Amino acid sequence: MKEINTDLQRFIDKFQPNKFKLISRGVEIRGAVDLHNAMNEAKLLIERLQLSLAIHHNAEMLSYQGFEVNLLTVKE
């Protein structure tokens, strides 16, 4: 089983999403009842815990009330 990034694991533990799926670049949160509020809460949690994560969302994700929380990549 692949190890989960520490920041990503901390986010999952604190945010406690009902439905989520691990993806190569992070985690996909699904089934958010209030999508706007869930994304704002996730953003605030990331900022408060100073995690190296970013929120990603596009129109396609609206169909399953979802968004992604992705690992930030370090450019050298």
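When Ala32 is tested against the conditions (1) surrounded by fewer than 16 Cβ atoms within 10 Å (Cβ to Cβ); (2) within 14 Å of Glu68 (Cα to Cα), the lone failure is (1).
In region 51-76, what residues are of a type in the set (Ser, Thr, Tyr) and in contact (Cβ under 8 Å) with a residue 40 or more places away in the chain? Answer for region 51-76, where residues must be of a type in the set (Ser, Thr, Tyr) and in contact (Cβ under 8 Å) with a residue 40 or more places away in the chain: just Ser52.
Listed by first and then second residue, the pairs linking a residue in region 31-50 that is in contact (Cβ under 8 Å) with a residue 24 or more places away in the chain to a residue that is among the acidic types (Asp, Glu) and surrounded by 10 or more Cβ atoms within 10 Å (Cβ to Cβ), with Cβ atoms under 9 Å apart and 6 or more places separating them unless they lie on different chains, are Ile46/Asp7; Leu49/Asp7. With respect to the conditions (1) surrounded by 12 or more Cβ atoms within 10 Å (Cβ to Cβ); (2) touching a residue at least 24 places away in the same chain (Cβ under 8 Å); (3) more than 16 Å from Thr73 (Cβ to Cβ); (4) among the hydrophobic types (A, V, I, L, M, F, W, C), Ile4 lacks only one, and its number is (2). When we screen Glu76, Glu68 for residues that are modelled with pLDDT under 95 and either surrounded by 19 or more Cβ atoms within 10 Å (Cβ to Cβ) or of a type in the set (D, E, K, R) (or both), the only hit is Glu76.
The values are calculated or read from the model by the stated rules, or taken from the named source; none is laboratory data. Just so we're clear, the structure is a prediction, and the values are computed from it rather than from any experiment. Because the Cβ atoms are built from the backbone with ideal geometry, glycine has one as well, and the counts that use them run over all protein chains shown.
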